[in-house]
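What follows is calculated from the coordinates using simple rules that are stated; it is not laboratory data. In this text, all values refer to a predicted model and were calculated from it rather than measured experimentally. Neighbour counts are summed over all protein chains in view; Cβ atoms, including those assigned to glycine, are modelled from backbone coordinates with ideal geometry.
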Amino acid sequence: MFNKLAILLTFAFFASGIQAAPSSKGSVVADGTHLEVGPIKEKPWTYFADATITSGRCTPAIAAQIPGCYTISLPANPKKGQRGQFRTPLVPADGSKYFASWTSNIPLAGVNLFGDEGFHLFELYSSDIGAFSYVGIIDNLIRLAIPNGTFTVRPTPLSGFTDRNAFHEVLLTTGKNGIIDFNVTDKVTGERLLTFLYHGQVGGKDVSFHVGSTRTKPVKGQTQFVENVGQFFYEKRH
């Protein structure tokens, strides 16, 4: 179905010291009681959330590495799937090229964070086929899905990403001769955390980047999940 596929995945493991307490100042972007959608200052990105999103409440150490930092919080023992996402506009999957980047930090995770169901940290989305490629977590393991929806690499512990300022870069060519060139590096050390190169169909009729925390289904025993994310950038390439 796809003309060429090349995947290289590398993870580095790291644990940092205890961070200072987050600031109580800042503002509430979404309060988590209902679905909210709206613009953020990093245009053309928008937020889409029925989870809690706050602005300006990251710890000083994290905020120094993530300008314009937002904090996404999903509660423990959820009764439904939830998401705290930042999205780019849907664009036609017509062969055009787009580049997006952002920085994230997931505080040290506990055990049994997600249970048996999926949890997405990044999605490529089409309005006609849904999330067709994503970085996800199942039972505290990082998994990477390509556009046909199958897991393509050996699961890797989430601990390789916790307490790190991970800088994400995605260069996308949409359409039938598409390319996904996705790289994640540690912003402080420069270590490469993940590299993903795919050639084939990218998108259905359109494509959008979805960044943030998406709990696809509720599972009893899931703990609270917190992700800091920001420094959003997006542009069309020629």
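Take residue 77 and residue 61, extend 7 Å from each Cα along the Cα→Cβ direction, and tell me the distance between the two endpoints in nm.
Taking the simple label geometry, residue 77 and residue 61 are separated by 3.1 nm.
Past 32 Å, Cα to Cα, is the threshold; run 43/176; 80/187; 43/220; 187/236 against it and keep the listed order.
Exceeds cut-off: 80/187; 43/220.
Taking 7 Å along the Cα-to-C-beta vector as the label spot, tell me the residue 37-residue 197 distance in nanometres, rounded to one decimal.
3.7 nm
Roughly how many nanometres apart are two label points built 7 Å out from the Cα toward the Cβ at residue 189 and residue 233?
About 2.3 nm separates the two model spin labels.
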